[in-house]
Amino acid sequence: MSATTKTRTAAEGRTPSTAARLLGDQRLPVLVTAGLFLAMYIGGLSRYQNYGFGEPQVFLNLLIDNSYLLVAAVGATFVIMSGGIDLSVGSLIGFTTMFTAWLVERQGLPLLLVIPLALGVGAFGGFLMGYVIHNFEIQPFIVTLAGLFLFRGLCLVINKESISISDSTVSSMAQTRVSLGLGELSIGAIVALVVLGAAFYVLHYTRFGRRVYAVGGNEQSALLMGLPLGGTKIAVYTLSGFCSALAGLLFMLYIQSGDPLHAVGMELDAIAAVVIGGTLLTGGSGYVLGTLFGVLVLGLIKSIIQFEGTLSSWWTKIATGVLLCAFILIQRAMTNRKQT
């Protein structure tokens, strides 16, 4: 046996270092995000203890104030995990608020009738984008960018000004709180948690969830295995459109109005939450629970800035950008580790 062969054999048999094993663990980004959230929360407790930061309701407010973002991010998780991207999320949320406000306030339709209409429009919009992406083989970035402009334009077609909602049903739902003993949750927060639980089940315990992972990991391999590539792609964009519309309804309850400029740029917040939560931008790896931690981290940054009182709200964007870069570097290191 030559010296080169012996060296290669020894290298192949070498036990991986601890750092290498960590980088090879797909759970690493989620654990880092959870640890970051815990560290930030403990830091907030120590700094703002005298200002009520430790109250259970402050923690529950993270879910209340970010329920619509969580639902939108869950939909974006499916798309990104399949190897795609959806830039129409924010515009579809804004359109849903305008569409709902217009039907309830100007047309006098009951909210319980408007809700399925809005969800149907959102799901159909996602279906059309998924259909075009698959059948015409156009990059998701281009198609969903067109969707972004389309839905934002439709907002202005409905009305150029904000429409306040004075409907009693909307007001009642917006003010309803469910007591948990230590605090209260809004209807929006409960809906967001239900969506999160359903998404967790679908991704980890159904054939569709396994197909999403397979398509995002390697399209050609998924195709050779006989998986329905087109159906899976169209389904994830339909699901994203549905989640965006549902997020729009929750945002409407939170704001109690429709506005053409609602949720401008929220698609970037949703994508940031997904990436910070540990889902690979290239697809095929990630956890929906990581998305929850990503949303909580972004919400906690806002809360800490509010408690600080002396910092501009723009520091939220700065902190988000720094975290996003850090997690992209972690993803890059993990990808390089897999390739070697």
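The values are calculated or read from the model by the stated rules, or taken from the named source; none is laboratory data. None of the values given here were measured: they were computed from a predicted structure. Every residue, glycine among them, receives a Cβ derived from its backbone with ideal geometry; neighbour counts consider all protein chains shown. The accessibility values were calculated without ligands, DNA or RNA, using every heavy atom of the protein model including side chains. Shrake-Rupley method; radii C 1.70, N 1.55, O 1.52, S 1.80 Å.
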- line: Measure of exposure for residue 254: accessible area at 1.4 Å probe, Å² rounded to 10, is 100 Å²
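Pulled fully out, how much extra length does the chain show between residue 333 and residue 317, if you take 0.36 nm times their separation in residues and subtract their Cα-Cα distance?
On the way: separation 16, 0.36 × 16 = 5.76 nm, distance 2.44 nm.
Working it through step by step, the gained length comes to 3.3 nm.
Based on the Cβ-Cβ distance of residue 27 and residue 190, what FRET efficiency does E = 1/(1 + (r/R0)^6) give at R0 = 30 Å, to the nearest 0.05? Show your work: numbers first, answer last.
On the way: r = 28 Å, r/R0 = 0.92.
Working from the Cβ atoms, E equals 0.60.
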- request: Mind checking the per residue accessible area of the stretch 246-331 for me, 1.4 Å probe, whole number of Å²?
  value: 39 Å²
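Calculate what fraction, in whole %, of the accessible area of the chain sits on carbon and sulfur atoms when a 1.4 Å probe is rolled over the protein chains. List each step's numbers first, then the result.
Numbers: 10610 of 16570 Å².
Carbon-and-sulfur percentage of accessible area, whole number: 64.
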- prompt: Count of lysine pairs in the chain with Cα atoms under 29 Å apart, counting only pairs 8 or more residues apart in sequence or on different chains?
  reply: 4
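By the scheme Lys and Arg +1, Asp and Glu -1, what is the net charge of all other residues having a beta-carbon under 12 Å from that of residue 64? List each step's numbers first, then the result.
Values: positive: 177; negative: 65, 184.
Combined, the nearby Lys, Arg, Asp and Glu give -1.
After finding the eigenvalues of the alpha carbon gyration tensor for the stretch 130-187, what semi-axes result from the square roots of 5 times each, listed largest first in whole Å?
Working: eigenvalues 281, 86, 14 Å².
So the three semi-axes of the stretch 130-187 are 37, 21, 8 Å.
How much FRET efficiency would the formula 1/(1 + (r/R0)^6) give for residue 131 and residue 268, where r is the Cβ-Cβ distance and R0 is 25 Å, rounded to 0.05?
Values: r = 25 Å, r/R0 = 0.99.
According to the calculation, E is roughly 0.50.
Once the piece of chain linking residue 182 and residue 47 is laid out straight, how much longer is it, given 0.36 nm per residue of separation minus the C-alpha distance between them?
Values: separation 135, 0.36 × 135 = 48.60 nm, distance 2.20 nm.
Stretched fully, the residue 182-residue 47 segment lengthens by 46.4 nm.
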message: Ignoring everything except DSSP H segments at least 4 long, calculate the 222 nm mean residue ellipticity for the chain; use -39,500 (n - 2.57) per segment, divide by total residues, nearest 500.
response: -24000 deg cm²/dmol
- prompt: For residue 161 and residue 208 in one chain, what is 0.36 nm times their gap in residues minus the Cα-Cα distance, to one decimal in nm?
  reply: 12.8 nm
query: HN-Hα J couplings of the stretch 198-208 from phi, Karplus 6.51/-1.76/1.60, θ = phi - 60°, integer Hz, Gly and Pro as x?
result: 5, 5, 4, 5, 4, 5, 9, 10, 10, 4, 4
Label assignment, Cα extents along the principal axes in Å derived from the structure, set [x] 54, 48, 36; [y] 68, 53, 41; [z] 85, 57, 34: [z]
query: Which order, highest average first, do 263-274, 57-68 follow once you tally other Cβ atoms within 10 Å for each residue and take the mean per peptide?
result: 263-274, 57-68
